[in-house]
Amino acid sequence: MTQAVIELKNLEIGYTSNKRKTALLPLLNLCLNKALLVALIGSNGVGKSTLLRTISGLQVPLNGEVFIKGKPAKMLSRAALARLISLVLTDQPDEFYLKTEDVIAAGRYPYSNFWARLTAKDNEVIHQSMEDTGITHLKGRQLIHLSDGERQKVMIAKALAQDTPIILLDEPTAFLDYPSKIELMRLLQQLVHDQQKTILFSSHDLDLVLRSSDRVWLMAKSKGIIDDLPEQLVMDGHINAFFDTSSLSFDTLQGYFKPVSSEKLPLRNRISDPLLSKWVTNALVRKGFEVNKKSDNYSGQISFEAERFVWEFKGEIRYFNALTELLDHLTNKL
Amino acid sequence: MRGLTPYKSGAWKIYLLSLAALVLLLFMNLVFGSVPITLSELWTVLSGREGGSPSTFMIIHQFRIPQSITAVFAGAGLAVAGLMMQTLFKNPLADPSILGISSGASLGVALLLMATGQISGHALIHFGWARHIGVIASAALGSLLVLTLITMLSKRLSGMTSLLIAGIMIAYFTSAIVGIIKYFSQKEDLQAFVIWGMGSFSNVGQQQLLFFSLVNGMLLAVSFLFIKPLNLLLLGDRYAENLGLNTKLYQRWILVIAGLLTAAVTAYAGPIAFIGLAVPHLARNMTKSADHRILLPSSVIMGASLALFCNLIARLPGFDGSLPINSITSLIGAPFVIAIIWKRQRFYSETK
């Protein structure tokens with residue numbers, strides 16, 4: 001029996017200004033089970049950060065309740081909440097001379113005494129957190145001298161030092177380069193797997209989310225949150241329904257976004273080498289062509305023979321030595 | 001796990017060094033001045049032995065000791081208030097006067113000058129010792145009034161930035177009123193006000209020294225109770241809140257303590273610029289730390305030392321009397337602040 005770590009009951013999130021309440025979403029009724037990596041996705045301004053803030057107790061819900069491990073969050077003291085939920089936010093501390101270990105040590109403050117004196121156990125936890133996030137080499141460094149990816153890891157180490165069953169992260173991959181994004185997702189997966197953490201993170205990196213999260217909370221203004229396996233969301237067409245625009249559509253087969261095919265003619269790709277074939281198709285799609293492999297509905301076709309690209313169009317045959325020449329010809333001609 | 005506790009991080013070397021500097025400066029303040037006193041004379045007076053000249057005894061007990069102790073507490077108080085303000089507002093250029101608390105003191109003194117002039121028809125300068133107490137009381141009253149206003153505002157305004165703007169506006173507002181009062185003041189009062197505005201460590205007489213030291217010492221001791229909240233606030237309000245801190249409540253308390261420190265110092269010594277701004281930066285630069293467990297004690301020591309140093313410069317042998325302390329702190333503090341900004345700018349152009 002899996003245990004619900006976070007439970008939202010008739011939760012209405014939003015903000016109050018001039019005593020007027022503005023709800024962002026319909027009532028939410030959701031559960032988040034233990035030891036899962038859950039991604040929160042949705043367009044800008046839909047309320048991802050507001051939901052994370054509401055769950056963590058930084059913001060009061062307009063209506064309804066959040067339950068943490070079966071207890072209503074509003075009944076929990078700040079100190080108790082600090083030992084249940086840790087946060088990693090988008091804006092990181094930027095104080096001069098603030099060192100990596102200062103920030104991670106702050107994660108122990110919910111456990112430390114009035115003077116914030118660190119015990120041997122605290123130091124052990126801090127060291128372990130640095131090891132788990134792979135940042136022991138960053139000890140003694142100032143936070144402002146680190147890269148965005150390193151700083152993100154320091155904040156995650158702080159969350160680990162806080163020793164909470166739940167970690168909430170607001171767009172942890174936002175400012176990272178691609179390899180760092182993947183590395184960070186792997187780290188989160190490890191924490192879920194090895195330490196049984198329950199992790200909820202918001203993200204705009206859809207392909208990353210689909211590849212690495214256990215569940216996805218898909219957030220939309222009209223429908224609230226759809227909670228399902230990432231694969232199920234794709235197959236049920238939810239991803240298309242939420243993210244497609246007139247110029248961009250999510251390719252459910254490939255798992256990425258591509259431009260909606262233009263009026264340009266359909267081409268047939270007959271290159272047999274799979275690697276070459278894939279990247280030629282990639283280039284053609286990028287230029288706005290629709291590319292088929294087998295269908296007969298095509299107006300020109302490309303093959304690769306004797307180290308040359310062969311282009312057949314209305315009986316005319318032309319040869320190109322490089323992909324760039326072929327592309328130039330096609331974009332000028334068609 | 002070395003290096004994780006501040007006491008193992010080498011900060012003690014800085015403590016030792018700055019403590020030595022403090023003691024040295026204290027001695028220099030007792031020895032140097034318009035009347036030079038030799039070390040043996042000083043020793044005779046301090047040890048209470050017979051044989052010293054009565055005038056030396058008087059100079060040391062009535063002037064130099066009160067002045068030095070005032071400088072120590074004023075410097076320490078302003079430095080700690082500045083450190084708290086900088087952390088509170090996450091602004092490296094915040095200082096104790098930023099919320100208009102010292103302008104409140106100016107307003108109090110200005111009002112007193114005008115009131116005595118209007119009511120009695122005499123300039124305040126003719127009132128002797130009553131004038132002295134009056135200035136201290138009205139400065140304290142004025143700054144506490146502004147502090148109360150700011151504290152009330154902090155309950156209503158949601159962000160610290162809004163509060164900062166409100167504070168700066170209050171400072172402008174009170175300065176404007178002070179300007180109007182000055183325009184209608186008598187010449188002698190105006191001069192007295194200008195001199196008060198230059199700041200001085202010699203306003204605390206022997207009789208008030210104990211009270212002044214007690215108030216400031218107590219406030220300094222209380223400020224040490226806020227080390228943990230200050231460290232948490234350094235991470236940002238939301239991180240602090242998530243780590244279990246009642247952010248709004250502690251921000252208000254820190255505001256009150258920093259405000260009281262500023263009020264206590266300003267009431268006795270007048271508005272003293274730059275110590276509160278520069279010393280926290282000096283402490284950060286020297287200790288290479290952002291941890292308030294290190295910064296708070298070092299700000300106390302370095303604030304006291306800097307005030308003593310400025311006082312020494314103001315009374316350099318060769319000058320008749322002493323230079324206005326506010327000019328000295330500004331002369332030393334302003335280039336220092338520029339150096340900090342320069343250093344930061346260099347850092348940003350190197351990394352971005």
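The values are calculated or read from the model by the stated rules, or taken from the named source; none is laboratory data. What you see is a predicted model; the values in this text were computed from it and never measured. Don't worry about glycine lacking a Cβ; one is built from the backbone with ideal geometry, like all the others, and counts go over all protein chains shown.
Residues of segment A:154-165 that are within 11 Å of chain B (Cβ to nearest Cβ) and farther than 18 Å from A:T100 by Cα: A:T164 alone. Given the condition free of Cβ contacts under 8 Å to residues at least 12 places away in the same chain, within 20 Å of A:S203 (Cα to Cα) and at the interface with another protein chain (Cβ under 10 Å from one of its Cβ atoms), answer yes or no: does some residue in segment A:46-55 qualify? Within segment A:46-55, one or more residues are free of Cβ contacts under 8 Å to residues at least 12 places away in the same chain, within 20 Å of A:S203 (Cα to Cα) and at the interface with another protein chain (Cβ under 10 Å from one of its Cβ atoms).
Taken residue by residue, segment A:134-153 has no member that is crowded, with 17+ Cβ neighbours inside 10 Å, touching a residue at least 60 places away in the same chain (Cβ under 8 Å), within 20 Å of A:P93 (Cα to Cα) and facing chain B (nearest Cβ under 9 Å). When A:S272, A:S299 are screened for being more than 37 Å from the chain's Cα centre (by Cα), exposed (fewer than 14 other Cβ atoms within 10 Å of the Cβ), under 25 Å from A:Q254 (Cα atoms) and small (G, A, S), only A:S299 passes.
Take A:F201 and tell me if it is under 14 Å from the mean Cα position of the chain (by Cα) and surrounded by fewer than 19 Cβ atoms within 10 Å (Cβ to Cβ). Against the criterion (under 14 Å from the mean Cα position of the chain (by Cα) and surrounded by fewer than 19 Cβ atoms within 10 Å (Cβ to Cβ)), A:F201 does not qualify. Scan segment A:72-97 for residues that are of a type in the set (G, A, S), more than 7 Å from every other protein chain (Cβ to nearest Cβ) and in a helix (DSSP H, G or I) and the total you get is 2.
In segment A:101-118, what residues are under 21 Å from B:L88 (Cα atoms) and either at pLDDT below 95 or facing chain B (nearest Cβ under 8 Å) (or both)? Give the derivation first.
Here is the first cut: in segment A:101-118, the ones under 21 Å from B:L88 (Cα atoms) are A:102-107, A:109-110, A:114-116.
A:D102, A:V103, A:A105, A:A106, A:G107, A:Y109, A:P110, A:F114, A:W115, A:A116 - these are the residues of segment A:101-118 that are under 21 Å from B:L88 (Cα atoms) and either at pLDDT below 95 or facing chain B (nearest Cβ under 8 Å) (or both).
Look at B:A221 and say whether it is within 23 Å of B:V337 (Cβ to Cβ) and modelled with pLDDT of 90 or more.
On the way: within 23 Å of B:V337 (Cβ to Cβ): no; modelled with pLDDT of 90 or more: yes.
The answer is no for B:A221.
When each of B:L144, B:L214 is tested for being farther than 30 Å from A:I104 by Cβ and touching a residue at least 40 places away in the same chain (Cβ under 8 Å), the lone residue that passes is B:L144.
Looking at (1) assigned to a loop (DSSP other than H, G, I, E, B); (2) in contact with a Lys or Arg (Cβ under 6 Å, 6 or more places away or on another chain), which one does A:P61 not meet, given that it meets all the others? A:P61 satisfies all of (1) assigned to a loop (DSSP other than H, G, I, E, B); (2) in contact with a Lys or Arg (Cβ under 6 Å, 6 or more places away or on another chain) except (2).
If I ask for residues that are assigned to a loop (DSSP other than H, G, I, E, B) and modelled with pLDDT of 80 or more, which ones from segment A:282-312 would you list? Walk me through how you get there before you give the answer.
So in segment A:282-312, the residues assigned to a loop (DSSP other than H, G, I, E, B) come out as A:287-289, A:293-299, A:306-307.
Passing the criteria: A:K287, A:F289, A:A306, A:E307.
Screening B:L93 against (1) surrounded by fewer than 16 Cβ atoms within 10 Å (Cβ to Cβ); (2) at pLDDT 85 or above; (3) of a type outside the set (D, E, K, R) leaves a single unmet condition, (2). Here is a check on your reading of the model: is B:A74 outside any helix (DSSP H, G or I) and buried (at least 20 other Cβ atoms within 10 Å of the Cβ)? No, not satisfied. Going by the structure shown, is B:L112 in a helix (DSSP H, G or I) and over 27 Å from the mean Cα position of the chain (by Cα)? No: the conditions fail for B:L112.
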